[in-house]
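Trainee: Got a structure here, written out as structure tokens. Questions coming.
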Amino acid sequence: MENKQEMAVKEAATMAKIAAEALDSKKGVDVTVLSVAKQTVLADYFVIATGTSSTHVRALADEAEFKLKEAGFVCGHVEGHGDWKLLDYHSVIIHVFTKEAREFYKLEKLWTDAEVLSDEEAE
């Protein structure tokens, strides 16, 4: 029988996978999953994607939220508008940016110690 911590880790991985697949299905650009559990207590995973416009950013965030809700996960908080949206699922934080905003915030550069999961690992 798994302990609560093992179950929470598996649940977070499942959420990150669902989010990445949702973003990819709506043509999110450069969808990246970072495993940040060893670097911070903020979350286990960051899922990052780029939209081609503010409308696309909103559509990507909406799709990720819809797919996660469909799977039984509830978003704790939504932040941002226009060129950036953040969906906070506590153990998974989803960031959707326009190209310019992603280049400005450079999350991958800020979290260089994080493990970047390959498509196979995220799935």
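Trainee: Scan (1) part of a helix (DSSP H, G or I); (2) in contact (Cβ under 8 Å) with a residue 60 or more places away in the chain; (3) touching a helix residue (DSSP H, G or I) at 6+ places or on another chain (Cβ under 8 Å); (4) not hydroxyl-bearing (Ser, Thr, Tyr) for the single condition Ala12 breaks and write down its number.
Mentor: (3)
Trainee: Give the stretch 62-98 a look and list any residue that's in contact with a Gly (Cβ under 8 Å, 6 or more places away or on another chain) and either of a type in the set (S, T, N, Q) or on the phi < 0 side of the Ramachandran plot (or both), or say none. Before you say what the answer is, go through the steps one by one.
Mentor: Initial filter on the stretch 62-98 (in contact with a Gly (Cβ under 8 Å, 6 or more places away or on another chain)): 86, 88-90, 96-98.
Residues satisfying the conditions are Leu86, Asp88, Tyr89, Val96, Phe97, Thr98.
Trainee: Filter the stretch 51-97 for residues that are among the small types (Gly, Ala, Ser), exposed (fewer than 15 other Cβ atoms within 10 Å of the Cβ), within 24 Å of Ala13 (Cβ to Cβ) and touching a residue at least 12 places away in the same chain (Cβ under 8 Å) and give the result.
Mentor: Listed by number, the residues that qualify are Ala71, Gly76.
Trainee: Name the single residue that is nearest to Lys109 (Cα to Cα) among those in the stretch 18-72 being acidic (Asp, Glu) and in contact with a Ser or Thr (Cβ under 8 Å, 6 or more places away or on another chain).
Mentor: That would be Asp30.
Trainee: Contact list please: Cβ distance under 6 Å, first residue in the stretch 104-115 and closer than 14 Å to Thr40 by Cα, second residue in a loop (DSSP other than H, G, I, E, B) and at pLDDT 90 or above, pairs at least six apart or on different chains.
Mentor: Trp111/Val36; Asp113/Gln39; Ala114/Val36; Ala114/Gln39
The values are calculated or read from the model by the stated rules, or taken from the named source; none is laboratory data. All of these numbers come straight from a predicted model, not from anything done at the bench. Virtual Cβ from ideal backbone geometry, glycine too; neighbours counted across all protein chains shown.
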